[in-house]
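Comments concern the structure below.
The values are calculated or read from the model by the stated rules, or taken from the named source; none is laboratory data. Computed from a predicted structure; not experimentally measured. With ideal geometry, Cβ positions are generated from the backbone for all residues, glycine too; neighbour counts draw on all protein chains shown.
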Amino acid sequence: MMNKVINYQIRNWNDISADYINGSLIIGNGASIALHQNFNFRSLKEKAEELKLFDEDIAKLFKEFETDDFELILRLVWHAKLVNNHLGIIDQTIDSAYENIKEALIKVVKEVHCEHSEIVDQLPQLYQFTKQFRTVVSLNYDLILYWILMYGNRNEDGHRFKDCFQGSGLFRNNWQDLRNPIRKEREVTLAFYQHGNLSIFRDSKNTVTKVQKRDFESLLEVITSQWEDEKIPLFVAEGTGQKKLESIKSSSYLSTIFYEVLPVLMSSKANLVIYGWSLGEQESHLVKQIFKNKQSGKVAISTFDKSQEECHRISMLIRNIASETEIEFFDSQSSGCWNNP
């Protein structure tokens, strides 16, 4: 017997947007690619290899640990260097490996990341789209959302973005309190980076801090001016779903988002929009966490290629977790959504 053919309607964003005002938004890599095609790469490791940035020792580490996870190897070498430093051990091999992978990361990120000047003209539209939501979660570690927040908070229209990092650069654990508008604020959008960010660092005690910048400075300066031996950028780049989950659990900041923020993105008062995220197998742990409460609300998911097969796969994936959730799809290039005027 042939399977029943299901036709999923692909809506225009403006036709459904009213149902998602004051809801939640998740942005994935497709959102970054829509702004800058160089974000369309398979992995940081492969890009670094393509640019011939690894020496033999670093290449050997990836092979020995059977991983493509750039961040994991960076963290392992960094920990080894920290131990040596605190014990007064001079180890040129470890020091050299650390410098190699540090410089490789800086160079490969600079290679794939856009400059602020390349997207500045799109920031007004990006701001108008993202400010509709009360919670935004980015699955990307690039600086796109960081720049949107900085742009938005320069406007004096009563809206305020808060990423829950305080003036000291430390994350505020009682982040829920920041939803309440204060002083001239009329509405607040909270922003979170589930996979970390190039502007967020962790130190040897696993304390997380965010780079505090008042101006739109270059990406390279943001990274290198704060990157010292005692701290490294906090980001989850590659790996299987299990490896990504382990990386999330290794950070109190990422764990807070995973356990406290994701399960409440949908509620009776907030529907959910997913833009530029394919809900792939390697991030099934996120899907399960988002829909674990079996919400009866609505979720709108963007599609770029309008594949019926993909729509069906995603629909079944969510329905197997939360059968009461209403699912609809919209054209990622339709007017009004993300960077589309």
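The table below gives the values:
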{"quantity": "Near pairs, Cβ below 6 angstrom, 6+ apart or cross-chain, from the stretch 99-127 (over 19 Å from Ile223 (Cα atoms)) to any residue that is among the hydrophobic types (A, V, I, L, M, F, W, C) and in a helix (DSSP H, G or I)", "calculated": "Leu126/Ile148; Tyr127/Ile148"}
{"quantity": "Flag for Glu283 being of a type in the set (D, E, K, R), in a helix (DSSP H, G or I) and more than 18 Å from Val137 (Cα to Cα)", "calculated": "no"}
{"quantity": "Flag for Asp19 being more than 30 Å from Gln132 (Cα to Cα), touching a residue at least 24 places away in the same chain (Cβ under 8 Å) and part of a helix (DSSP H, G or I)", "calculated": "no"}
{"quantity": "Any hit, the stretch 25-46, residues being modelled with pLDDT under 90, touching a Lys or Arg at 6+ places or on another chain (Cβ under 6 Å) and outside any helix (DSSP H, G or I)", "calculated": "yes"}
{"quantity": "Answer from Thr130, Thr189 - the residue that is in contact (Cβ under 8 Å) with a residue 60 or more places away in the chain and either buried (at least 20 other Cβ atoms within 10 Å of the Cβ) or among the acidic types (Asp, Glu) (or both)", "calculated": "Thr130"}
{"quantity": "Count of the stretch 307-338 residues which are in contact with a Phe, Trp or Tyr (Cβ under 8 Å, 6 or more places away or on another chain), surrounded by 13 or more Cβ atoms within 10 Å (Cβ to Cβ) and not β-branched (Val, Ile, Thr)", "calculated": "14"}
{"quantity": "Listing of strands (runs of 3 or more DSSP E) fully contained in the stretch 84-203 that carry 3 or more residues being under 17 Å from the mean Cα position of the chain (by Cα) and of a type outside the set (S, T, N, Q)", "calculated": "187-193, 196-203"}
{"quantity": "Every residue from the stretch 226-274 that is among the acidic types (Asp, Glu) and either surrounded by fewer than 17 Cβ atoms within 10 Å (Cβ to Cβ) or at pLDDT 90 or above (or both)", "calculated": "Glu228, Asp229, Glu230, Glu246, Glu260"}
